[in-house]
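Inspection log for the structure reproduced underneath, given as structure tokens.
The values are calculated or read from the model by the stated rules, or taken from the named source; none is laboratory data. Note that the structure is a prediction, hence the values are computed from the model and not measured. Cβ atoms come from the backbone with ideal geometry, glycine included; neighbour counts cover every protein chain shown. These accessible areas exclude ligands, DNA and RNA; they are computed on the full protein's heavy atoms, side chains included. Shrake-Rupley method; radii C 1.70, N 1.55, O 1.52, S 1.80 Å.
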Amino acid sequence: MALSPMDVSHLAAVDTVRAARVLDEVRSAALSGRPAPLPPRPVIGQSWERVLRSGVDPDHGRRSGLLSLDEVRRRREASPLRHVLPVLREGLLSVADVARHIIVVADDEGRVLWREGSAPVLRKADGLGFEIGADWREDVVGTNGVGTPAVTGRPVQVFASEHFVRSHATWTCAGAPLTDPRDGRLIGVVDVSGPLESMHPATLAWVDSVAKLAEARLREMHVRSLERLRAVAAPALSRIDGRALVVDRHGWTAAVTGMPYLERLALPKSVSAGERWLPALGRCSLEPLAGGWLVRA
């Protein structure tokens, strides 16, 4: 009886070797244009189509240069991901190490900024170029647990030959995107990867749940920052008779006076003190505050 893509996912949990063999046949057929024994999962098939258009070599892939250590440090210090590393480590690292996995955290450009876990697996990852500073965007290294979740905006598990590049077919990866709760912007991806035999169907849900905990931590930090800004703003607003509001550097409102509450104010990309025209309020004056702006309408 023919297998369905869903059957293969379950098969991988109980018969890794057979599932890998089936998926290798699926991949080979898709690349050669021959009829496949079954279609790839939709998320994988769509990824393969994107990767084919981008020109990635399915047999050898390609690698862009590693970031310098100075550039890695600069990106780490500038990334909001640094605030949630403790959440990611606590939720993933202990189990990952026992299960012969590694944890990889990449930024919004697919660059690997942090990597921890099983030492033998880290050494194997080095051989694939899955190392600090590497570029793992989908259009660079093909379908994978870092680049594909970044493109789709949702958690993705990539097993065996679901990876587009042949050398990655001995791996299983599960990655989830991390977004900024203030605007939904992608800020990175957290991925758990390991050798083929370490595949487990629950890994994807596990990684996704920890990613959501990390996003919740970012939301808490945002709320606390607005509360601090509100305390700073109170004396300034108490002296104003007209319409005014205090917003953080991203335009989120901490306090208002003389006007209805506005959740977020659209600010120019480059903000500086002085008079400005803002669509929501018209001509305004902007004064810097610690952590934000006092906006007088």
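Observations on the structure shown:
- Cα long-axis angle, helix 69-78 against the chain (0 to 90 degrees, to the nearest 10): 50 degrees
- Residue 77 - accessible surface, heavy atoms, 1.4 Å probe, Å² rounded to 10: 130 Å²
- Å² of accessible area per residue within the range 14-97, as computed with a 1.4 Å probe and no ligands counted: 59 Å²
- Solvent-accessible area assigned to carbon and sulfur over the chain amounts to 54 percent, based on a 1.4 Å probe.
- Among 183, 248, the order of accessible area from largest down is 183, 248, computed with a 1.4 Å probe on protein heavy atoms.
- Cα gyration tensor shape of the range 206-297, rounded if a/c is under 1.5, else prolate or oblate by comparing a/b with b/c: prolate
- Binned Cα-Cα distances of the chain, short to long, each 10 Å bin given as a whole percent: 6, 25, 26, 18, 13, 9, 3, 0
- In terms of the mean number of neighbouring beta-carbon atoms within 10 Å, the peptides 285-294, 141-150 order highest first as 141-150, 285-294.
- Summing Cβ point charges (Lys, Arg +1; Asp, Glu -1) relative to the Cα centre of the range 157-297 gives a dipole of roughly 640 debye.
- When nucleic acids and ligands are ignored and a 1.4 Å probe is applied, residue 250 ends up with an accessible area of around 80 Å².
- Accessible area per residue for the range 118-275, computed on protein heavy atoms with a 1.4 Å probe, is 43 Å².
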